[in-house]
Structures are given as structure tokens and as C-alpha cells.
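Colleague: There's a structure below that I have some questions on.
Derivation of every value follows stated rules applied to the coordinates shown; laboratory data play no part. If you're wondering where the values come from, they're calculated on a predicted model, not measured in any experiment. Neighbour counts run over all protein chains shown; Cβ positions are idealised from the backbone, glycine included.
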Amino acid sequence: MDKSLKSLEQQLETLIPRAQSMESRGRCHELIDELCETSAETVKTPQNSPLGISWLGGAVAASVALALGLGGGWYLGKDQNTAPLSNLSQAQQIIAADFDQLDRETWMLGTEEPRGVYVSKEGQVRELVQETEVTKEVVQHRESGIIVTVETTDQHLIDSPKTEF
Amino acid sequence: MDQRRDKLGPQWKTWLDESAPRLLAYARARCHSAEEAEDLLQDALIKLWSYQEERGHRPPDLPLAFSVMRYLGLDQGRRKGRREKRDKKIIQFQKEEDHWLDPTMEETEEAEILRQEVDALPDKLREVLTLKIWGGLTFAEIGKLLSISNNTAASRYRYALEQLQKKLKHLKQTNHG
């Protein structure tokens, strides 16, 4: 940066942002007192996810939180010396509150895996097949704007009569 | 718990007294009036408090505070029709009594012109300039906050300075010519 820009920069630094009004300062101080009181009195109860994101129920939530934390741009874990989030439900609340769901779709994979044939008590020949359901969700972290695509798979065991006999 | 609470209140109040002018300067670029900016600061305080729960409610780092202010500002802007507000804001910033930079702190004509020219900068340039000069953030922190690269943040900052310099030169020439 040349000298004239440096000097302009110094000139700008001499301009001081207007201070907070006394009224607003007083309101903020009252608010801080209230927040301190509330946190001392309130026993936190788990809340439902406002987004209803399906992947929050699983271990995927923890891995997404970890990925975001490592990826930067999310400050929740910054400079944290203490242990990470103590339980998954807390993590779910924090994560869900900070994300907007942009898209969600679910489909079944075309391949079915046979898991065996058996004869029921009623004498009916039945077949067990495993189907795979895939859910893809696109969520955006509100503050950083980071968009994350989460893909989860659920295995369903389908029990049906075997009709080929 | 009471001891911790007695400690936290003063910690947050000190943090607020130190950080409020910087955060308000940034908020003013996104709000219609000084009052709205101060309301935004209060909203941010609540959100930051809940964010800091996992860290024993200690006062937050400044980049996180800016990040929350930005998000709340965007949200508020969306709700109220940001474009309309922005037009009004530019007019309003010309009034000295409602300026976000303190006019009582400097009296030179050049300082007065500078304040006006900073306001007249395009939003993107002014945002980076505000965060760098008055927010005290690094380009890396600004980049992270605005979801742009460090280089883009640095370029916008430089471009803002160049634009200001050009305008100041032009004004000086006009005045002396």
C-alpha cells in the first residue's frame, strides 16, 4: 500500500464511532442482569428441533458438527478449552437452531438384498428383504452461509409372503 | 452458581462498553436509524448469551459478535424491505446529529468530508472498511464473516481507500480551483 493510502487509513482511524447512547447502555446492562438471573434459575429442558431435520437423531449430527467446526467459519468451538458438548441432545438443539433447511428428498434404492426365506407359524412361506432408504437434506448455516448436504441411509427389513412358490 | 453469576454480569458489561461502539458502527450500515441499530445490538446480546452457554457464558470474541450482528441485520433487512431502507439511510446519514461516526470528536473540514464519503461508498466496500478500521478485524476474519476470500476482503478494502482518496483529491481541487 502506498504512502498516501496509508495516511488516509490513519486519517480514517481518527474518526471515532459514536458511542452507545446512555439509554441503550442502561437497557443492555439490565438485559445482562436478566440473562444472568435466568441462567442461574433455569433448568434447561430439551426442545424439539425447530426444523425437524431427520439426521439430527443419529450420529450424523455429531459428525456434521465436527466437520463444520473443523471447516472453520463456525465459531461454536473456537478457543474452547473445556470438553465438547456434553450430550447429543444439546448438540441437536444448538445445531438445529442455527440451520435453515433448503431442500429434502427421500428415495428408495433399487437394489433389494434378500435376507432369507422362512415358514411362518401359519405355514406361509415368507421372505425377508432389506431395502435401503436414502434421505438427502441440504441445510444452510445461517451465520456463515455454509451450505451442507447430508445424506443418510436407513435400512428397512421388509417381511412379505413369497409368491414365487 | 451465584458467585459465577456475580462475576459474569460485570464481565459482560465491560465487554459491552468496549465493543458496543464498534458493533454499532457496523450495525448502522445495515439499519435505518441509530435506535434500530441499538435494538439490533440488544437482540445480538441475547443470541450471543445463548451461544456462549457451552463456554460458561463468558463474553464472546469480537468476530463472533460481528457475525451475529450481520445475521440479525440481514434478517431484519429482509423483513422490512431492505432496499427501501437503504435509500432512506443514505439520506439520513447526511444529517450530522444522527451520524454513526462521532462528529464531536473531530472538527476539521476534511474529517467531515471523509465521514460523508465513507457513507457514500457502495455497501460492500463500506462493510469491509468498517470492519477493518473500526471493527479491528483482520482480513482473514472479515473473509470468514462475509464468506469471501481473504484476498477479496483485502481488495475491497484497498478499493474503498482508493475511491475515498480519489474523491478527496477531486474535492480539494474543486475547492482550490
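Colleague: Taking the Cα of A:E13, stepping 7 Å toward and past its beta carbon, and measuring to each backbone N in the range B:142-177: which are under 16 Å?
Modeller: B:158, B:161
Colleague: Still on this structure, please answer the following. Kirkwood hydrodynamic radius, computed over distinct alpha-carbon pairs, for the range B:107-177: how many Å, to one decimal?
Modeller: When all Cα pairs of the range B:107-177 are included, the Kirkwood radius is 12.8 Å.
Colleague: List the pairs from A:K3/B:K172; B:K132/B:K172; B:K144/B:K167; A:K3/B:K169; A:K6/B:K132; A:K3/B:K166 whose alpha-carbon separation is above 20 Å, in the order I gave them.
Modeller: From the list (A:K3/B:K172; B:K132/B:K172; B:K144/B:K167; A:K3/B:K169; A:K6/B:K132; A:K3/B:K166), the Cα-Cα distance tops 20 Å for B:K132/B:K172; B:K144/B:K167.
Colleague: Would you mind computing, in nm to one decimal, how far apart the modelled labels at A:K6 and B:E35 are, each placed 7 Å from Cα along Cα→Cβ?
Modeller: Calculated label separation equals 4.6 nm.
Colleague: Give me the one-decimal nm value for the distance between modelled label points at B:D61 and B:T138, 7 Å along each residue's Cα-to-Cβ direction.
Modeller: The answer from the label model is 0.9 nm.
Colleague: Applying 1/(1 + (r/R0)^6) with R0 = 41 Å to the Cβ-Cβ distance of B:K166 and A:H29, what FRET efficiency is obtained, to the nearest 0.05?
Modeller: For B:K166 and A:H29, the calculated efficiency is 0.40.
Colleague: What's the center-to-center distance, using Cα atoms, between the range B:137-177 and the range A:116-165 in Å?
Modeller: Going from one Cα centre to the other spans 55 Å.
Colleague: Which order, highest average first, do A:119-126, B:124-131 follow once you tally other Cβ atoms within 10 Å for each residue and take the mean per peptide?
Modeller: Listed from highest to lowest mean packing, they are B:124-131, A:119-126.
Colleague: Once you charge only the Cβ atoms, +1 for Lys and Arg and -1 for Asp and Glu, what is the size of the charge dipole of the range B:107-177 about its Cα centre, to the nearest 20 debye?
Modeller: Dipole magnitude for the range B:107-177 comes out near 340 debye.
Colleague: Continuing with the same structure: Taking the simple approach of a point 7 Å from Cα along Cα-to-Cβ for both B:S155 and B:D17, what is their distance in nm?
Modeller: For B:S155 paired with B:D17, the spin-label model returns 4.3 nm.
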